[in-house]
Amino acid sequence: MSAFRFRGETLWRGPTAVLSDLHLELNPGEKVALLGPSGAGKTTLLEALRARALRDTAWCPQNPALVPALSVFHNIYMGALERYGTLYNLLNLIRPTAYQQRQVGELASELGLVDKLRVSVDRLSGGQVQRTALGRALYSERPVLLADEPVSSLDEEQARALLQLTLSRHDTAVVALHQQEQALTCFDRVIGLARGCVQLDAPAGQLRRHDLTDLYQ
Amino acid sequence: MSAVVTTAGHWRRATLLLALAGLVAFALADLSISRGTPGAELQRLAQGLITPDFTATEALGEALATTLAFAFQGVALGAAGGFALALLWHRPGVRFFAASIRAVHELFWGLIFLQITGLSPLTGVLAIGLPYAGIFAKVFGEFLEEADPKPAEALPGGTNPVTTFFTARLPLVWDQFRAYGAYRLECALRAAAILGFIGLPTLGFHMETAFRESGYSQGAALLYIFFALIGTQRLWLHRRLVPVYLLAAVLWAPPLSSGPDGALKRFLTTDIVPAPLRDGGGWAELGTWLAELGTQQALPGVANTLVVALAALLLTGVLALALFPLASPHFGHRPGRALSHLALVMVRTTPEFLLAFVLLIVLGPSMLPGILALALHTGVIVAYLTGRFSEGIRPQRGYSQALTRYGYEILPRVYPNFLAFLLYRFEIIIRETAVLGLLGIPTLGFYIDSGFAEFRFDRALALIIITVMMNLAVDAFSRILRRRLRLQTPATAY
């Protein structure tokens, strides 16, 4: 895949300009954390990135956008829909194949969901829902992870473990976060958005906690 | 004094408009009681109702099985067809097509198919399945439109539309589909029974014979069997048994035609072609034919249909406002509510067509039995829905007097929903009014039925098309009024 480049563009959400005069370059291989107060434009930026590389994207939106009535198995499998033919997908919907059960099952055990595989998503806790959404993104096996607060409902330790697992499976990643600590320890680069523009853009190694607090004022 | 601008004011004006239309309709309607001794007849009817005779009907089991078979196959056909149409719901042409086929009543479809597929199971199945496809299309289409679009958007880029639909669209609305299908089956059982009135061998066939010959005990038994069938639907309609029932339905009444070969071709290319064109005439003759049909049948038919429907609407509203406290937890006591609930369910379960038929026998032919039957059936439904809606209201102040509580606490809160239910039901009333003509009340169905009886299918079809246009106009009127009054469309009212 090629790099993402924004040169003085404005990103809109409906009629509102969320990020104006955006200058940004994201290179293949980078693991980028997006920080900023809510409403700063993290989601808008992620959606713009996804639109540019739809087929390369492992997508994990903030509203998990899962299908509540279907099982964890089917929701994770949805990440792979595009890899298989329509008939195979429909048959797998009616009766999961042994192969898919094995593959999805392996991933689910890494995510701590193995005993929930046959449970529908509307019966899960918030943390389990997030892990399912991450599972769907992982199962799509795309090089670029775009995730919007994917671990916000998990406790700190679980969140870090899952974040590291997910990052290790993707070549490039842009992840919106609200926990600053995770941004500094798990990522190469931190971009801070606030007041409609990029306020901070630096390698994670050069930043300290207090560099980040300005963003939220 | 400043101008009064209240939401309640809007409702009052709309109510006044409808009430005025209803009063004018009552003034114009033929309300005569032509039967000499309605009291005595009513007494015999009442006596029949308390002494049901379950042995009087021969081949009762067969009629019951045929009723069920038509209903199951009709709903299956309607759901499949409606599902296919719902996938194309964004196209205006599809919406218009669906609206048109559901604007033709099951009995009119039955009369049409009798000419093509004869007195056969296929006629019964198509008469239910075709209008139901139009209804299912609308309901399914709206479910899908209202479903959350996000899961589909979150699927990986490049997922094909068929896969997207089955994995991230359909599962969101599947439960709603199922619940609606069960409700439609209840409606289909009513429709299948009523199809007996045009000769198909369902429960209605025996009901017609029994009531016509004053065999009220026999008629009552048939009616009670019908109530039991619908009342116990929850017990026997299990999800896993549906395929079994459907298979049994197809085996019992295979949907085959008994019409003569080439009947469809003859019907389409000869029978329904306007007579002057068929006889080699030109536009001038066609104009005369149309003018004659318009002034002698269509105009009086439409006028009478509107009179009966508007009068019934007024009476429905009055009845519903008077009766809904019976179904509301804010009034009365528990045993009273249970009893009135049973009465409401029975009146609701009785098809308005059957009710009109029985009232016609008691009161003699005029518009009165039709108006009473429509108002009774619909009034009870609206009362029931309104009462159920009032369950969600928490009274702010405990007015001890029931009438004060009714006027100040409950009525202002349920009124918008009551109006929405009523307007929504108006569309159904107008559809049913047209078909009451088959019983001799001079609404559109009367002229349509005569057309079929005299083998003038061209006239019958032209009048059916006029009925469709009238129904579509009433739908549009009701929709506009509901939007102007900012009434939420109640999902449960269909």
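The values are calculated or read from the model by the stated rules, or taken from the named source; none is laboratory data. These numbers were taken from a predicted model, which means no experiment stands behind them. Note that we place each Cβ from the backbone using ideal geometry, even for glycine, and neighbour counts take in every protein chain shown. These accessible areas exclude ligands, DNA and RNA; they are computed on the full protein's heavy atoms, side chains included. Shrake-Rupley method; radii C 1.70, N 1.55, O 1.52, S 1.80 Å.
Quick notes
- Kirkwood hydrodynamic radius over Cα pairs of region A:1-135, then Stokes diffusion coefficient at 25 °C and 0.890 mPa s, in µm²/s: 143 µm²/s
- Accessible area per residue for chain B, computed on protein heavy atoms with a 1.4 Å probe, is 46 Å².
- Of all DSSP-defined beta bridges confined to the protein assembly as shown, some 45% are antiparallel rather than parallel.
- Distant-in-sequence amide contacts of A:Tyr84, defined by a placed amide H-H separation under 5 Å and a gap of 5 or more residues or a different chain, comprise nothing.
- P(r), alpha carbons of region B:236-277 - 10 Å bins starting at zero, rounded %: 23, 26, 19, 20, 11, 2
- Amide H contacts of A:Leu19 (H built 1.01 Å from N, in plane; Pro and chain starts excluded): A:Leu11 sit under 5 Å, all sequence-distant by 5 or more or on other chains.
- Helix content alone sets the calculated 222 nm mean residue ellipticity of chain B: runs of n ≥ 4 DSSP H residues at -39500 (n - 2.57) each, divided across all residues, give -23000 deg cm²/dmol.
- In summary, the convex hull built on the alpha carbon positions of region B:1-78 has an orientation-averaged projected area of 12.8 nm².
- Cα gyration tensor shape of region B:243-356, rounded if a/c is under 1.5, else prolate or oblate by comparing a/b with b/c: oblate
- Calculated P(r) of region B:340-449 - Cα pairs past 25 Å, %: 35 percent
- Accessible area per residue for region A:101-217 is 45 Å², calculated with a 1.4 Å probe on protein heavy atoms, without ligands, DNA or RNA.
- Spatially, region B:65-124 and region A:46-71 are offset by 40 Å when compared through their Cα centroids.
- For region B:167-249, the alpha carbon positions stretch 57, 25, 21 Å along the principal axes, listed from largest to smallest.
- Remark: the Cα gyration tensor places the protein assembly as shown in the prolate category, a/c being 1.5 or greater and a/b exceeding b/c.
- 10 Å Cβ shell holding at most 15 others, DSSP loop, GluC sites (Glu not before Pro): longest site-free stretch of chain B: B:214-390
- Surface share of carbon and sulfur [accessible, 1.4 angstrom probe, percent] for region B:113-174: 63 percent
- Restricting region A:100-163 to trypsin sites (Lys or Arg not before Pro) that sit in a DSSP loop and have at most 13 other Cβ atoms within 10 Å of their own Cβ leaves A:Arg118.
- With a Förster radius of 35 Å applied to the beta-carbon distance between A:His210 and B:Glu153, the computed FRET efficiency rounds to 0.35.
- Rg/Rh (Cα only; Kirkwood hydrodynamic radius) as it applies to region A:15-84: 1.02
- The Cα trace of chain B gives Rg and Dmax of 23.7, 77 Å, the first to one decimal, the second as a whole number.
- For the pair B and A, total buried accessible area rounded to nearest 100 Å², probe 1.4 Å: 1600 Å²
- Contact-buried residues of region B:152-167, at a threshold of 30 Å² lost accessible area versus the chain by itself: B:Ala154, B:Leu155, B:Pro156, B:Gly157, B:Gly158, B:Thr163, B:Phe166, B:Thr167 (1.4 Å probe; DNA, RNA and ligands ignored).
- Loop-resident sites, region B:46-106, for chymotrypsin sites (Phe, Trp or Tyr not before Pro), counting at most 16 other Cβ within 10 Å (DSSP): B:Phe54
- Normalised per residue, the accessible area of region A:43-96 is 41 Å², obtained with a 1.4 Å probe and no contribution from ligands, DNA or RNA.
- Here the Karplus curve 6.51 cos²θ - 1.76 cosθ + 1.60, taken at θ = phi - 60°, turns the phi angles of region B:418-425 into couplings of 4, 4, 4, 4, 5, 5, 4, 5 Hz, with x standing for Gly and Pro.
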